[in-house]
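Before any comments, here is the structure.
The values are calculated or read from the model by the stated rules, or taken from the named source; none is laboratory data. Here the structure is a predicted model, which is why all the values come from computation and not from measurement. All Cβ positions, glycine included, derive from the backbone under ideal geometry; neighbour counts span all protein chains shown. In case anyone asks, the SASA skips ligands and DNA or RNA and just uses the protein heavy atoms, side chains included. Shrake-Rupley method; radii C 1.70, N 1.55, O 1.52, S 1.80 Å.
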Amino acid sequence: MGADQTEPEVPADAVGRRVSCGGERATVRYAGPVPPTAGLWLGVEWDNPDRGKHGGSHEGVRYFTCRHTTGGSFVRPAKVSFGVDYLTAVRQVYQVDTEEVLSEEISISSKKLKWGTIKERSFESLPSVLLSRRDVNGPGDDGEIRRTTPNVQWLDLSGTLLSRWEDVAAITQQLDRLEGLQLSSNRLSLPSDPAAHCQAFCSLKVLALNSCDLTWAQILECAPMWPQLEDLCVEENNITELQRPEGLLQSVRSLSLSSNPLVQDSVLSISALPRLEQLNLSRTGLSVIQFDDAAPGSNTSMFPALKTLSLDHNNITEWCVVDELAKLPSLVQFSCRGNKLVSSDGNPKTANQMLIAKLGQLVVLNSCEIHPEERRGAELDYIKMFGLEWLKAGGRSQPSAQFTCRHPRYQSLIHKHGAPEEGELKKPEPFALKNQLLKITFVFPDDADRTPIEKKIPATMVVQKVKGLLYRLLKVPAADLKLSYTSPKMVGTEFEIDSDLKTLQFYSIEDGDQVLVRWS
């Protein structure tokens, strides 16, 4: 805490306001003296807790509290900006001096030039206003926004100094044509009467509230403000348990909850949204989903309109989860990259074939269109793959309930393609992994002069030991090595090897694959 100096005037309502300081965002939690020093101090809670020094105390006296024990600091008012109103920010970003334009002193790539090619360009025809990371703190003078930027349809106010939903509403109620609003990376206090602001957002269809420190309950509390909302993105928040949106978000077609630590049992709480067509649950820790209202092979009544589902980078390891997803009546696009869904032969391509065979209506898998011949091949392979199991379970007469539960589509695949011939069915050969040596070529993409090294290595060797071997060859510390691999079966795809404690076999590395070695 430094010495006193002549301080600028601090707003009377400073506590709760958002400020910018040294390029970082913070919320004012205290304004007043901090003895024994003279003068006025602001106690701030940083959005980035690593920026702080304490939890709101000084010399044993608590002045304010923070969510993080080191999330707070005391700063002099001269060091912070309380921001500017919306129109001041618009002028800062888009205003161009006519002489500058005429003398061509502005770079062609400048965003400002777009609006400066006409003499004194007014802002009336701006269809979008992008004020991301600008110090916008409120609407400014009454009615000025409607007069100045009346045709804005898309507004980006992410990472601003807005601190209250009421201030956002005061801006948007003057933008009658507003359809898209980006409010990510803000900290907005909840409105006392959300329904009172629904007129301010009456045309809004797209809303992004990523990284806003919100819970699902708080989002539902705000939802009456957005009666026409179709696309809601709330990634990287504090959303854990989902509650049913009773009478809320009924027009939402697309919802992204990606990168929130969800309580997976609560996912079904949003299953009654009548128009929901796209759902992103990537990076949410999901491992199980179950629709108990429908038997294997039947349709669930949940998520009735859901066409597109993303479950990338979760903890899905069991094929029964895919069988549950087959119960979704409208699902045609599915993405599940970065899960550990493994086929018995460990080949990622086989796992994709199983996904296609199990999900009969699927048209797009992991962003790739499924062509008819690819579906036919996947389904025929699936029939062969589990043909022996089908025969043992009763086969042609009536397979056991247990088999049907594990392979709900098998019977319909047989109706479609015919039963497998016993001669086609091979017994899966047991893995003799202990004795299996893999011929691996180590290549060094960042070191063009280094010759590739070929080695024979047991499939059961853990990655840590492989790095130890490379250390002896390269004299590069094992901790600095980053490994990935490519396979001639999947040309153009590089698979990350991200755990030192897993085996080569775990990563489905096969004879003839290349391991790419990089180091920092």
>> Among the residues of the range 258-270, are any farther than 30 Å from VAL342 by Cα and open to solvent by 60 Å² or more (accessible area, probe 1.4 Å)?
In response: no
>> Just the residues that are open to solvent by less than 40 Å² (accessible area, probe 1.4 Å), touching a helix residue (DSSP H, G or I) at 6+ places or on another chain (Cβ under 9 Å) and polar (S, T, N, Q), please, taken from the range 486-500.
In response: SER487, SER499
> If you go through the range 133-140 one residue at a time, do you hit one that is at pLDDT 80 or above, more than 28 Å from the chain's Cα centre (by Cα), assigned to a loop (DSSP other than H, G, I, E, B) and farther than 18 Å from GLY180 by Cα?
Replying inline: yes
> With (1) more than 22 Å from SER282 (Cβ to Cβ); (2) surrounded by 20 or more Cβ atoms within 10 Å (Cβ to Cβ) as the list, and LEU229 as the residue in question, which single condition is left unmet?
Replying inline: (1)
>> Looking only at the range 12-25, count every residue that is at negative phi and either touching a residue at least 40 places away in the same chain (Cβ under 8 Å) or β-branched (Val, Ile, Thr) (or both) and tell me the total.
In response: 8
> Restricting the first residue to the range 234-247 and requiring it to be in contact (Cβ under 8 Å) with a residue 24 or more places away in the chain and closer than 9 Å to SER266 by Cβ, which pairs with a second residue that is outside any loop (DSSP other than H, G, I, E, B) and of a type in the set (Ser, Thr, Tyr) meet a Cβ separation below 9 Å and a spacing of at least six or different chains?
Replying inline: THR240/SER266; GLU241/SER266; GLU241/SER269; LEU242/SER266; LEU242/SER269; GLN243/SER266; GLN243/SER269
> Does the range 464-485 hold any residues that are open to solvent by less than 50 Å² (accessible area, probe 1.4 Å) and outside any strand (DSSP E or B), and which are they?
Replying inline: VAL466, LYS467, GLY468, LEU469, LEU470, LEU474, VAL476, ALA478
>> Looking at the range 387-407, I want the residues that are part of a helix (DSSP H, G or I) and have a partner that is at pLDDT below 90 with Cβ atoms under 6 Å, at least 6 apart or on another chain. Which pairs are those?
In response: GLY387/PRO420; GLY387/LEU425; LEU388/LEU425; TRP390/PRO399; PHE403/ALA393
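The rows are residues; the columns are (1) more than 27 Å from ASP511 (Cβ to Cβ); (2) part of a helix (DSSP H, G or I); (3) not charged (D, E, K, R).
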| residue | (1), (2), (3) |
| --- | --- |
| VAL321 | yes, yes, yes |
| ASN339 | no, no, yes |
| GLN361 | yes, no, yes |
| ARG375 | yes, yes, no |
> Given (1) modelled with pLDDT under 90; (2) open to solvent by 40 Å² or more (accessible area, probe 1.4 Å), where does THR503 come up short, assuming only one miss?
Replying inline: (2)
> Looking only at the range 211-225, which residues are touching a helix residue (DSSP H, G or I) at 6+ places or on another chain (Cβ under 6 Å) and either open to solvent by 10 Å² or more (accessible area, probe 1.4 Å) or β-branched (Val, Ile, Thr) (or both)?
Replying inline: PRO224
>> For ALA357, only one of the following conditions fails: (1) open to solvent by less than 30 Å² (accessible area, probe 1.4 Å); (2) in contact (Cβ under 8 Å) with a residue 40 or more places away in the chain; (3) part of a loop (DSSP other than H, G, I, E, B). What is its number?
In response: (3)
> Failed condition for LYS349, given (1) basic (Lys, Arg); (2) assigned to a loop (DSSP other than H, G, I, E, B); (3) in contact (Cβ under 8 Å) with a residue 40 or more places away in the chain, with all others met?
Replying inline: (2)
> Applying the selection to the range 167-195, what residues are surrounded by fewer than 19 Cβ atoms within 10 Å (Cβ to Cβ), of a type in the set (A, V, I, L, M, F, W, C) and more than 22 Å from GLY16 (Cα to Cα)?
Replying inline: ALA195
> Since ALA326 meets every condition but one in (1) open to solvent by less than 10 Å² (accessible area, probe 1.4 Å); (2) touching a helix residue (DSSP H, G or I) at 6+ places or on another chain (Cβ under 7 Å); (3) of a type outside the set (Phe, Trp, Tyr), which condition does it not meet?
Replying inline: (1)
> Counting only residues that are surrounded by 15 or more Cβ atoms within 10 Å (Cβ to Cβ) and aliphatic (A, V, I, L, M), which one in the range 51-92 is nearest to GLY143 (Cα to Cα)?
Replying inline: LEU87
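Of everything in the range 241-257 that's under 19 Å from THR284 (Cα atoms) and not small (Gly, Ala, Ser), which residue is most open to solvent (accessible area, probe 1.4 Å)?
Across the range 241-257, the extreme among qualifying residues is ARG244.
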> Among the residues of the range 261-269, is there at least one that is among the hydroxyl-bearing types (Ser, Thr, Tyr) and assigned to a loop (DSSP other than H, G, I, E, B)?
Replying inline: no
> Just one of ARG146, ARG164 is open to solvent by 50 Å² or more (accessible area, probe 1.4 Å), among the basic types (Lys, Arg), more than 26 Å from the chain's Cα centre (by Cα) and at negative phi; which is it?
Replying inline: ARG146
> Among the listed residues GLN95, GLN153, which satisfies the condition of being at pLDDT 90 or above and open to solvent by 30 Å² or more (accessible area, probe 1.4 Å)?
Replying inline: GLN153
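Could you look through the range 198-210, keep only residues that are in a helix (DSSP H, G or I) and open to solvent by 40 Å² or more (accessible area, probe 1.4 Å), and pick out the one that is farthest from LEU229 (Cα to Cα)?
Per the criteria, the residue is GLN199.
Results for (1) surrounded by 15 or more Cβ atoms within 10 Å (Cβ to Cβ); (2) among the polar types (S, T, N, Q); (3) assigned to a helix (DSSP H, G or I), shown as yes or no for each residue.
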position	(1), (2), (3)
THR284	yes, yes, no
ASP293	no, no, no
THR300	yes, yes, no
PHE303	yes, no, no
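Determine which member of the set ASN352, ASN315, ASN339 is among the polar types (S, T, N, Q) and open to solvent by less than 40 Å² (accessible area, probe 1.4 Å). Talk me through it step by step, then tell me what you get.
Values: ASN352 fails: open to solvent by less than 40 Å² (accessible area, probe 1.4 Å); ASN315 fails: open to solvent by less than 40 Å² (accessible area, probe 1.4 Å).
None of the others qualify; the one that does is ASN339.
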